[in-house]
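To start, the structure itself, in structure tokens.
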Amino acid sequence: MTEFYGYRRPDGRPGIRNYVLVLPTSVCASDVANIIANQVEGAVSFHNQVGCSQVTSDLEMSFDFEVGFAANPNVYAVVLVSLGCEGCQCDEVADRIAKRTTKPVEKVIIQEAGGTLRAVEQGVRYAKQFAAEAAMMRKEKFPITELLLATECGGSDPTSGLAANNVIGALSDRLVDEGAATILSETPEFIGGEHLLAERGVTPEVHDRVLEIVHRYEEAVRRACGEDIRSGNPTPGNKAGGITTLEEKSLGCIHRGGSRPISQVYDYAKEIPAEQKGLVIMDTPGNDPSSMTGMAAGGAQVCVFSTGRGTALGNPIMPVIKITGNASTYAKMEDNIDFDASRYIKGTHSIEELQQELYDMVVDTCNGRQTKSEALGINEIAVMRTCNYV
């Protein structure tokens, strides 16, 4: 059985990175969190645009993603940074994290620390101590069955459905057959193909749940905006690349899920338990950074992301491997794209051969190989919303 090297966390899960996460609990703490992280080797942070001025259902989604990021196995320890008066209160975030994991957590509250400079000093001290502890950890071998792979598709064109997503689907099938777990995401991009996915549900409940999340998404957009979701999807870039309808985009998108049965459906940013194996769906938006945020919060250690038009996106805590089926895109954006699947369209390589290469790249990434987005320090995130700010 294939093995990879990782860091054992208190809950037993393996992390393939060993980050100290400086986690802003709201937009008001984001800049301070980034100043702290930028001064500590091994620390990461990001701009959090939510965490306050939200109704209950929306705020819960923010709590879920923050707690999920903290609990992700790629994170050794967490420094929480809050303003002090936001909706995602620092103490509550810490309490919720403690229910998921016993990894180290410290808190910095800007209003209580006495302003930005004192908060930064306090946060840097915590982060440096955690980074020193993290550096002492030794890697262990783990079986591939302990891997949770996220899959994403963005900036699509016809080559995504013809090549890149087929390679990812073959990879997903192989990992599922070996006892690992993979995630198919982007609910709006199931539209028109949802019945095909539902038929693969392992139980009637999973079958019905696949249909439910798709219909719920469409209805939510109608109810909130009075518009059809098709007014914003496919995107202008998708259309320029040659995709004409949402159904066309969906049929290409769902190739990422391979052909294996669908074991379970999870809500956005909810924990995917370590004992979960097989192919699962997470109910995420089609927006790429938001979708990847949900899967990272669910516990995914690594993501494979297909893009026909090209994208520079990454993630703060989850390595993102970019794959394209478009030879022109690979040539133009080699700084950002890790894997060239256009070789299938050219006829020089089979799907099986490319799947083996991508499998090896995933294992190498688990063992420490940097993806191009990691090397560039690209860390954008977005978070799914239920409504406007209040």
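The values are calculated or read from the model by the stated rules, or taken from the named source; none is laboratory data. Because the structure is predicted, anything quoted here is derived from the model rather than measured. A quick note on method: Cβ atoms are made from the backbone with ideal geometry, for glycine too, and the neighbour counts reach across all protein chains shown.
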* Asked: Just a yes or no: is a residue in the range 175-193 at pLDDT below 95, assigned by TED's automatic domain parsing to the domain that holds TYR359 and more than 18 Å from SER306 (Cβ to Cβ)?
  -> yes
* Structure fact -> Of (1) assigned to a loop (DSSP other than H, G, I, E, B); (2) touching a Lys or Arg at 6+ places or on another chain (Cβ under 8 Å); (3) modelled with pLDDT of 95 or more; (4) aliphatic (A, V, I, L, M), ILE243 satisfies every one except (3)
* Inter-residue pairs, beta-carbon under 9 Å, first under 18 Å from VAL79 (Cα atoms) and in contact (Cβ under 8 Å) with a residue 24 or more places away in the chain and in the range 40-58, second assigned to a loop (DSSP other than H, G, I, E, B) and of a type in the set (Lys, Arg), 6+ apart -> VAL44/ARG17; VAL50/ARG385
* To do: Mind counting the residues in the range 213-228 that are surrounded by fewer than 13 Cβ atoms within 10 Å (Cβ to Cβ) and touching a Phe, Trp or Tyr at 6+ places or on another chain (Cβ under 8 Å)?
  => 0
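Residues checked against (1) within 23 Å of the chain's Cα centre (by Cα); (2) surrounded by fewer than 16 Cβ atoms within 10 Å (Cβ to Cβ):
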site	(1), (2)
GLU334	yes, yes
ALA341	yes, no
ILE345	no, no
LYS372	yes, no
MET384	yes, no
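For (1) surrounded by fewer than 19 Cβ atoms within 10 Å (Cβ to Cβ); (2) over 30 Å from PRO10 (Cβ atoms), each residue gets a yes or a no:
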| residue | (1), (2) |
| --- | --- |
| TYR126 | no, no |
| ALA135 | yes, no |
| GLY161 | no, yes |
| ALA181 | no, no |
* Asked: ALA37: touching a residue at least 24 places away in the same chain (Cβ under 8 Å), surrounded by 22 or more Cβ atoms within 10 Å (Cβ to Cβ), within 21 Å of ALA132 (Cβ to Cβ) and among the hydrophobic types (A, V, I, L, M, F, W, C), yes or no?
  -> yes
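Listed residues GLY314, GLY347, GLY298, GLY308; which is at pLDDT 95 or above and out of contact with any Lys or Arg (no Cβ under 9 Å at 6 or more places or on another chain)? Before the answer, list the steps.
Numbers: GLY314 fails: out of contact with any Lys or Arg (no Cβ under 9 Å at 6 or more places or on another chain); GLY298 fails: out of contact with any Lys or Arg (no Cβ under 9 Å at 6 or more places or on another chain); GLY308 fails: at pLDDT 95 or above.
Residue meeting the stated conditions: GLY347.
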* Looking at the range 260-275, is at least one residue modelled with pLDDT under 95, within 24 Å of GLU380 (Cα to Cα), surrounded by fewer than 24 Cβ atoms within 10 Å (Cβ to Cβ) and not assigned by TED's automatic domain parsing to the domain that holds ASN72? -> no
* How many residues does the range 99-145 contain that are without any contact (Cβ under 8 Å) to a residue 60 or more places away in the chain and part of a helix (DSSP H, G or I)? -> 13
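With respect to ASP95, is the statement that it is surrounded by fewer than 22 Cβ atoms within 10 Å (Cβ to Cβ) and more than 28 Å from ASP11 (Cβ to Cβ) true?
Details: surrounded by fewer than 22 Cβ atoms within 10 Å (Cβ to Cβ): yes; more than 28 Å from ASP11 (Cβ to Cβ): no.
The answer is no for ASP95.
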* Per-region count, the range 347-364, residues under 11 Å from ALA163 (Cβ atoms) and buried (at least 22 other Cβ atoms within 10 Å of the Cβ) -> 1
* Asked: How many residues, within the range 361-381, are of a type outside the set (S, T, N, Q), closer than 24 Å to SER328 by Cα and assigned to a helix (DSSP H, G or I)?
  -> 6
* To do: Give the residue that is farthest from TYR266 (Cα to Cα), with candidates limited to residues of the range 191-212 that are surrounded by 19 or more Cβ atoms within 10 Å (Cβ to Cβ) and among the β-branched types (Val, Ile, Thr).
  => ILE191
* Hits in the range 287-326 - residues which are under 27 Å from GLY347 (Cα atoms), of a type in the set (Val, Ile, Thr) and assigned to a strand (DSSP E or B) -> VAL304, VAL320, ILE321, ILE323, THR324
* **Tally, over the range 160-189, of residues that are within 20 Å of VAL221 (Cβ to Cβ) and over 18 Å from the mean Cα position of the chain (by Cα)** => 0
